[in-house]
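Undergrad: Below is one structure. I have some questions about it.
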Amino acid sequence: MSTDFQSIPLIDISPLVAKCDDPNVAEYNDVAQVVRHLDQACREAGFFYVKGHGIPDSLIKKVRDMTHKFFDLPYEEKIKIKLSDATGYRGYQQVGQNITKGVPDIHEAIDCYKELNKGMYGDYADPLVGSNKWPTEPLNFKELMEEYLILCTDLSRKIMRGIALALGGPVDVFEGKIAGDPFWVLRIIGYPGASLISDDGLPKNDVGCGAHTDYGLLTLVNQDDGITALQVRNLSGEWISAVPIPGTFVCNIGDMLKC
């Protein structure tokens, strides 16, 4: 097995998307092929593109366009939904507030989480209790993002069913009583593309987000077309660019899924 991958694999998951809820899903040859590709990609790279995912390109583009419209607003407008501990750590983060390994990241973001009631997951989850903070401008921002969230959550479930089969388990091993109540995170991120931080005591930096691993099971990334920014490091320490491919999501597995 090679761990010094030089490119990120592209997987057509349409057979899995179409048949993952079929009780006999593991018996289909085309699904088995998708499962083999997922298995190899997760073991060798931890990253892969997916096409044939079933989410309309028109919706994906609307999400990007709406995101740009929000980040183009004046700071005074964006800060109306400012993130704080009082908001359950939901809302707007200005450039430099997100820290990776002690260095401020050069991006701004809206952080959203599954909405929680007090005691829903015990005392440990209480700091995240609350509702998401959606801007009133641009119009219909909340409605669009919630529609998108439903589709992305379902797509993640379908991909995780393929990964479950790749691990040799039942197709629904990540569901049911053990893991049937998924906790999702949505980060809507804008990258200004230049260092804007000069406050005393903060390192200057022009990296949108520092090197890191994600803490969950699976991440879907909706990149702007025509801008190559995301990179993945192989075990030799080489950074491999995840060049945007129209009509795809970039996926990566997180710390919870690593063996």
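The values are calculated or read from the model by the stated rules, or taken from the named source; none is laboratory data. Values in this document were obtained by computation on a predicted structure and should not be read as measured data. Backbone-built Cβ (ideal geometry, glycine too); neighbour counts: all protein chains shown. For the accessible areas, the whole protein counts, side chains as well, though only heavy atoms, and no ligand, DNA or RNA atoms are used. Shrake-Rupley method; radii C 1.70, N 1.55, O 1.52, S 1.80 Å.
Undergrad: Looking at region 42-52, can you tell me whether even one residue there is open to solvent by 30 Å² or more (accessible area, probe 1.4 Å) and on the phi > 0 side of the Ramachandran plot?
TA: Yes - at least one qualifying residue is present in region 42-52.
Undergrad: If we scan region 53-62, do we find a residue that is surrounded by 13 or more Cβ atoms within 10 Å (Cβ to Cβ) and without any contact (Cβ under 8 Å) to a residue 40 or more places away in the chain?
TA: There is at least one residue in region 53-62 that is surrounded by 13 or more Cβ atoms within 10 Å (Cβ to Cβ) and without any contact (Cβ under 8 Å) to a residue 40 or more places away in the chain.
Undergrad: Looking at (1) in contact with a His (Cβ under 9 Å, 6 or more places away or on another chain); (2) at pLDDT 90 or above; (3) not polar (S, T, N, Q), find the lone condition where Pro244 falls short.
TA: Of everything listed in (1) in contact with a His (Cβ under 9 Å, 6 or more places away or on another chain); (2) at pLDDT 90 or above; (3) not polar (S, T, N, Q), Pro244 misses just condition (1).
Undergrad: Another question, if that's okay. Can you tell me which residues in region 108-143 are within 21 Å of Pro74 (Cα to Cα), assigned to a helix (DSSP H, G or I) and open to solvent by 20 Å² or more (accessible area, probe 1.4 Å)?
TA: Result: Lys142, single match.
Undergrad: Would you be able to tell me the number of residues in region 1-22 that are open to solvent by 50 Å² or more (accessible area, probe 1.4 Å), out of contact with any strand residue (DSSP E or B) (no Cβ under 6 Å at 6 or more places or on another chain) and modelled with pLDDT of 95 or more?
TA: Counting residues in region 1-22 that are open to solvent by 50 Å² or more (accessible area, probe 1.4 Å), out of contact with any strand residue (DSSP E or B) (no Cβ under 6 Å at 6 or more places or on another chain) and modelled with pLDDT of 95 or more gives 3.
Undergrad: Kindly list, by first and then second residue, each pair from a residue in region 94-122 that is farther than 18 Å from Leu230 by Cβ to a residue that is of a type in the set (A, V, I, L, M) and open to solvent by 40 Å² or more (accessible area, probe 1.4 Å), limited to pairs with Cβ atoms under 6 Å and residues at least 6 apart or on different chains.
TA: Within 6 Å, the pairs are Val95/Leu196; Pro104/Leu202; Tyr113/Leu128; Tyr113/Val185; Leu116/Leu128; Leu116/Val129; Lys118/Val129.
Undergrad: Quick check: anything in region 173-193 buried (at least 18 other Cβ atoms within 10 Å of the Cβ), modelled with pLDDT under 95, part of a loop (DSSP other than H, G, I, E, B) and in contact with a Lys or Arg (Cβ under 9 Å, 6 or more places away or on another chain)?
TA: The answer is yes, given that some residue of region 173-193 is buried (at least 18 other Cβ atoms within 10 Å of the Cβ), modelled with pLDDT under 95, part of a loop (DSSP other than H, G, I, E, B) and in contact with a Lys or Arg (Cβ under 9 Å, 6 or more places away or on another chain).
Undergrad: What number of residues within region 72-104 are farther than 21 Å from Leu116 by Cβ, of a type in the set (Val, Ile, Thr) and surrounded by fewer than 19 Cβ atoms within 10 Å (Cβ to Cβ)? Talk me through it step by step, then tell me what you get.
TA: Of the residues in region 72-104, the ones farther than 21 Å from Leu116 by Cβ are 72-80, 94-104.
Of the ones still in play, those that are also of a type in the set (Val, Ile, Thr) are 79, 95, 99-100, 103.
Filter again for surrounded by fewer than 19 Cβ atoms within 10 Å (Cβ to Cβ), leaving 79, 99-100, 103.
The total comes to 4.
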